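K.L.:
Handing you a structure now.
The values are calculated or read from the model by the stated rules, or taken from the named source; none is laboratory data. Quick caveat: nothing in here was measured; it's all calculated off a predicted structure. All Cβ positions, glycine included, derive from the backbone under ideal geometry; neighbour counts span all protein chains shown. Protein only, heavy atoms only, side chains kept; ligands, DNA and RNA dropped before computing areas. Shrake-Rupley method; radii C 1.70, N 1.55, O 1.52, S 1.80 Å.
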Amino acid sequence: MSTKDIIKEAELYVKNELKKDHTGHDWWHIDRVRNMAMRIAEEEQANLFICEMASLLHDIADEKLNASESEGIQKVSHWLIEHHVDEKTKKHIMMIITQMSFKGGNRPPMTSIEGKVVQDADRLDAMGAIGIARALTFGGAKSRVLYDPSIQPRYELNERNYRSNDQTTLNHFYEKLFKLKDRMNTRLGKKMAIKRHERLERFVHEFLEEWEGLS
Ligand code: ADP
Ligand code: NI
């Protein structure tokens with residue numbers, strides 16, 4: 001199978017798998033991450049096939065779609081073997097996906113340039129206007145409270161409160177989204193994150209101003 005055919009097959013596989021999820025892991029998120037990763041990969045001279053495949057498959061192993069995270073990882077690994085992706089490439093793709101699916105604060109840093117590229121593309125999609133829309137969609141899907149002025153913004157994120165339901169959707173901006181700008185890996189990722197970060201800040205500022213009736 002040519003690399004082009006494998007990518008086409010992966011697209012079909014991912015579209016079908018993600019039909020089961022309605023909490024923000026939709027196909028268009030994957031498609032945006034793939035397109036952004038391709039732009040960053042060209043500038044970084046990273047391996048395009050690895051970046052494209054890891055982007056397409058990065059959310060498939062998510063625990064929300066599988067009985068457990070390790071089962072999800074097994075599933076992706078089998079898919080790559082079935083599609084005759086060579087061992088070295090498969091290992092690299094799996095390493096990126098596994099590192100990306102770590103939740104909470106104990107995420108190890110990405111070691112390869114391809115991993116850095118895909119991680120930046122995924123992070124950019126959680127920022128800016130689209131990131132705001134995704135956070136509000138996620139909060140709605142989880143029946144979370146939008147905002148509660150009696151709760152102080154909380155910046156720390158740990159395994160426990162990542163999963164807890166007692167946080168407001170607006171707090172997600174403090175515990176995760178505002179931190180992403182300083183965690184970007186690549187030149188283009190950093191550049192794009194500046195504008196998207198400003199959009200996040202402006203949104204929260206205006207939201208709170210309206211809440212207080214100040215403007
Ligand atoms: P991804 O790796 O694709 O960003 P996540 O599961 O971490 O996947 O998040 C999916 C989307 O939902 C992201 O846009 C993220 O910001 C948003 N999200 C995750 N957790 C929360 C939360 N507690 N409140 C609001 N939005 C959230
Ligand atoms: Ni993602």
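K.L.:
Taking the conditions exactly as written (touching an Asp or Glu at 6+ places or on another chain (Cβ under 9 Å), more than 25 Å from Asn185 (Cβ to Cβ) and not polar (S, T, N, Q)), does Met1 satisfy them or not?
P.N.:
yes
K.L.:
Now for a different question. Here is a check on your reading of the model: is Leu80 more than 23 Å from Gly189 (Cα to Cα), away from ligand 2 (no atom under 14 Å from the Cβ) and open to solvent by less than 20 Å² (accessible area, probe 1.4 Å)?
P.N.:
yes
K.L.:
Enumerate the helices (runs of 4 or more DSSP H) found wholly within the stretch 83-199, keeping only those where 1 or more residues are at pLDDT 95 or above.
P.N.:
87-100, 113-124, 128-141, 169-175
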